[in-house]
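The values are calculated or read from the model by the stated rules, or taken from the named source; none is laboratory data. Small disclaimer: the values here were computed from a predicted structure and weren't measured. Just so you know, the surface numbers come from the protein's heavy atoms only, side chains and all, with ligands and any DNA or RNA stripped out. Shrake-Rupley method; radii C 1.70, N 1.55, O 1.52, S 1.80 Å.
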Amino acid sequence: MRQDTDPRVTSERDALGQFLDYQRETILLKSEGLTREQLGQPIPTSGLTLAGILYHLALNEESWLEVRFAGLPRRPEWEDVDWDADPDWEFRTALSMDPDDLRDRYRDACDRGRQAAAAAASLDQLSAFVGDDDWRFTLRWVLLHLIEETSRHAGHADLLREAIDGAVGE
């Protein structure tokens with residue numbers, strides 16, 4: 001295979017994006033074809049649902065890439081949430097959402113996340129967010145964080161989907 005066409009030979013930035021996109025697609029695959037009731041079905045040992053995972057990951061994409069990294073304002077639906085009073089708001093409210101709307105919401109958040117990452121000058125660009133002690137993070141850090149977060153929930157989604165209808169695999 002020629003090196004310039006081998007997907008394993010790529011830049012660090014492209015590799016991070018590809019690994020994150022693979023996990024994003026896994027999440028969507030695990031939710032395809034399910035009804036609202038199925039998306040809202042937990043397993044006996046957890047209250048976690050596929051609906052909640054989709055909405056939670058949409059929030060994470062937007063919070064980390066759009067708001068904290070790029071410095072954009074919060075999306076209106078998150079603006080008035082009292083996270084201290086209802087820390088599981090996105091998991092709870094996802095249960096009443098239409099399955100196609102949830103999947104589209106997540107896809108749109110991922111698209112905007114890709115745009116925010118693409119607009120960065122480099123993986124070393126610092127976030128607009130400044131935390132305690134002037135702490136900021138790089139695009140590299142946030143992409144790695146989202147890979148970790150999305151991968152963890154992809155594992156949860158795999159178990160949830162198998163419990164719902166026996167579907168397994170990527």
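For GLU25, the solvent-accessible surface with a 1.4 Å probe is about 110 Å², rounded to the nearest 10.
Could I get the Rg over Rh figure for the range 81-170? Both from C-alpha atoms, Rh via Kirkwood, rounded to two places. Expressed as Rg/Rh, it is 1.04. Taking the empirical scaling 2.2 N^0.38 Å for compact globular proteins as reference, the range 15-54 has a Cα radius of gyration ratio of 1.36. Residues GLU79, GLU148, sorted by accessible area with the largest first, give GLU79, GLU148 [1.4 Å probe; ligands and nucleic acids excluded]. Helix content alone sets the calculated 222 nm mean residue ellipticity of the chain: runs of n ≥ 4 DSSP H residues at -39500 (n - 2.57) each, divided across all residues, give -17500 deg cm²/dmol. Each residue of the chain gets 137 Å³ once the volume of the Cα convex hull is shared out per residue. Between THR10 and ASP80, the contour length at 0.36 nm per residue exceeds the Cα-Cα span by 21.1 nm.
For the range 40-120, the solvent-accessible area of protein heavy atoms averages 49 Å² per residue (probe radius 1.4 Å; ligands and nucleic acids excluded).
Stretching the chain fully between ILE43 and LEU29 yields a gain of 3.2 nm (0.36 nm per residue, less the alpha carbon separation). To put it simply, the accessible area of the chain at a 1.4 Å probe is 52 percent carbon and sulfur. Note on TRP78: accessible area approximately 10 square angstrom, rounded to 10, probe 1.4 Å, nucleic acids and ligands left out. Heavy-atom accessible area for VAL9, with the other protein chains in place and a 1.4 Å probe, reaches approximately 70 Å².
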